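Novice: The structure follows.
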Amino acid sequence: MLSINLKHLYFFAEVARLGNITAAANSLNLSQPAITQAVVNVEKFFATTLLNRTYTGVTLTAAGQLCRTRAERAFIHLHTGMTELGKPLASQRKVHLFRSLTTSQVDALLAVVEHRNFSAASRSRQLAQPTIHRASRDLERLLDVPLFEKTSYGVVPTRDAERFARKIKLAFAEVAQARAEIGSLQGGESGRTVIGALPLARTFLLPSAVMQFSTEHPQHQVEIVEGTYNQLMHGLGIGEIDFVIGALRDSAAISDVVQEHLFDDPLSIILRADHSLLRKRRVTIATLARAPWVAPRPGSPLRDHYNQLFTAAGIDPPFASIECNSISAARALLLESDRLMLLSAHQVYYDLRAGLLKTLAPPSGKMTRSIGITTRRGWQPTNAQQALLEVVKEHARNLPRKQLL
């Protein structure tokens, strides 16, 4: 959790919008010294000068312009979250809320939403439970919306609280972006990117792309996280993940993200190198239907292709006693048994190159799945993040041309 004072950031944004400290003080109904001190505190947080002071007003430095843009985006997230609570948000009420909102209040809400109760939330923040409770209830009174409800499990956050917490996280993600951009502008720390990696990306595409990027941008931190599609999309939606790479889904079903196609990944039937099927002159769908399989997990694009492999020939997909989306587990299962798996050859590239596994072409013809990048709608990457995206795209363009055998 970043320790910036939200009220002070809002006061800075008003100064930047109006170009004058006195005008901002009048707009916010605060004293000029209070506004001046708030701006000084924001400059301390970003460790740089954000405003050029003159007798006629203020102008933004390059860092100040970056901060203003990100601050405005942060408060749009918070404004949207407040509006979604169902309370009218006229201009005067919005100013009152942003003037009164404290970082301790929103952090308390985040902790309670994450840990589902006040006791665990207080332990996670190393604060006394009454402190977390008081800050959370103060926020509830400020917003004038119930954020907690009594259940048989105790007092838990409401759905409104969970929705607002997501907007808070997005707002603080913008603050983190501002800090990264300003740090890069000063030639120092240039931020961090968290990539959600689905199976293909984490086993073959990302390692080479990230190694190249890290050589070119050694000060930018890259974190690769694994998980199911739903887990990664949740992280993307709350700003904990910057973009996700892997198999694309039906875009009509997910309106709050943007999907960018990178390439079509060919699928093969993967089996161990001494499998008896490799000695057959012709392998039919009927033969495959009688073989034991490691099936992709239900709900994944790969499972749809697995089902289609058989249904296209008028055969019910065979029952698979093992379902798996872990490449390391699937690899062990394939090497130690007669099981088959429909998979991208890129995902077991090194096993194929070492001769441990082999491929069979699907009898029904070429099968592919779409691989791409998924981002939050409206996400604005930093320059370093944009450079990372371009490196990933470059490696993706070259990936299908790599020899697998």
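Readers should treat all values here as calculations from the given coordinates under stated rules, not as data from a laboratory. Quantities reported herein were computed from a predicted structural model and do not represent experimental measurements. For neighbour counting, all protein chains shown are included, and Cβ atoms are generated from backbone atoms with ideal geometry for every residue, glycine included.
Novice: Take the residue pairs LYS94/LYS167; LYS358/LYS393; LYS44/LYS167; LYS169/LYS393 and return only those whose Cα atoms are more than 18 Å apart. It would help to have the intermediate numbers written out before the result.
Specialist: Working: LYS94/LYS167 16 Å; LYS358/LYS393 28 Å; LYS44/LYS167 25 Å; LYS169/LYS393 28 Å.
Going by Cα-Cα distance, LYS358/LYS393; LYS44/LYS167; LYS169/LYS393 fall outside the 18 Å limit.
Novice: Taking the Cβ-Cβ separation of TYR350 and ASP274 as r and a Förster radius of 25 Å, what is the calculated FRET efficiency to the nearest 0.05? Before the final figure, lay out each step's value.
Specialist: On the way: r = 18 Å, r/R0 = 0.73.
Approximately 0.85, to the nearest 0.05.
Novice: Top mean-square fluctuation among MET211, MET233, MET341, Gaussian network model of the chain, C-alpha springs under 10 Å?
Specialist: The residue with the greatest mean-square fluctuation here is MET211.
Novice: Could you state, as a whole-number percent, how many of the C-alpha pairs of segment 65-224 are farther apart than 26 Å? List each step's numbers first, then the result.
Specialist: Numbers: 5525 of 12720 pairs.
Pairs farther apart than 26 Å: 43 percent.
Novice: Provide, in order from the shortest bin, the percent of all Cα-Cα pairs of the chain in each 10 Å bin, continuing until the bin that contains the maximum pair distance.
Specialist: 4, 19, 23, 21, 16, 10, 5, 2, 0
Novice: A further question on this structure: Considering only GLY196, LEU248, PRO362, whose Cα is most displaced toward the positive end of the charge dipole of the chain, charges sitting on Cβ of Lys, Arg (+1) and Asp, Glu (-1)?
Specialist: Value: PRO362.
Novice: Still on this structure: Please arrange ASP250, ASP351, ASP138 by counting, for each residue, the other beta carbons lying within 10 Å of its beta carbon, fewest first.
Specialist: Values: ASP250 8, ASP351 19, ASP138 16.
In order of increasing Cβ crowding within 10 Å: ASP250, ASP138, ASP351.
Novice: Another question about this same structure. What aspartates and glutamates does LYS366 reach when the alpha-carbon gap must be under 19 Å and sequence neighbours fewer than 8 apart in one chain are set aside?
Specialist: ASP264, ASP265, ASP304
Novice: Over segment 250-362, what is the relative contact order in percent, taking alpha-carbon pairs closer than 8 angstrom and at least six residues apart? Let's see the in-between values first.
Specialist: On the way: 137 pairs, mean separation 47.5, N = 113.
Dividing the mean separation by the residue count of segment 250-362 yields 42 percent.
Novice: Moving to a separate point now. Could you give me D for segment 291-383, from Stokes-Einstein at 20 °C and 1.002 mPa s, where the hydrodynamic radius is the Kirkwood radius over C-alpha pairs? Units µm² s⁻¹, please.
Specialist: Values: Rh = 15.1 Å.
Estimated diffusion coefficient is 142 µm²/s.
Novice: Sticking with this structure for a sec: Quick one: compute the contact order of segment 6-167, relative version, from alpha carbon pairs under 8 angstrom and 6+ residues apart, as a percent.
Specialist: On the way: 178 pairs, mean separation 33.0, N = 162.
Here the relative contact order equals 20 percent.
Novice: Considering Cα pairs under 8 angstrom that are at least six residues apart, work out the relative contact order of the chain and quote it in whole percent.
Specialist: Details: 609 pairs, mean separation 62.7, N = 405.
This gives 15 percent for the chain.
Novice: Right, another one. Hey, got a sec? Which chymotrypsin sites (Phe, Trp or Tyr not before Pro) in segment 7-101 land in a DSSP loop and have at most 14 other Cβ atoms within 10 Å? Display every interim value, and only then the final one.
Specialist: Details: sites: TYR10, PHE11, PHE12, PHE45, PHE46, TYR55, PHE75, PHE98; in loops: TYR55.
Here the chymotrypsin sites (Phe, Trp or Tyr not before Pro) that fit, given the DSSP loop and packing criteria, are TYR55.
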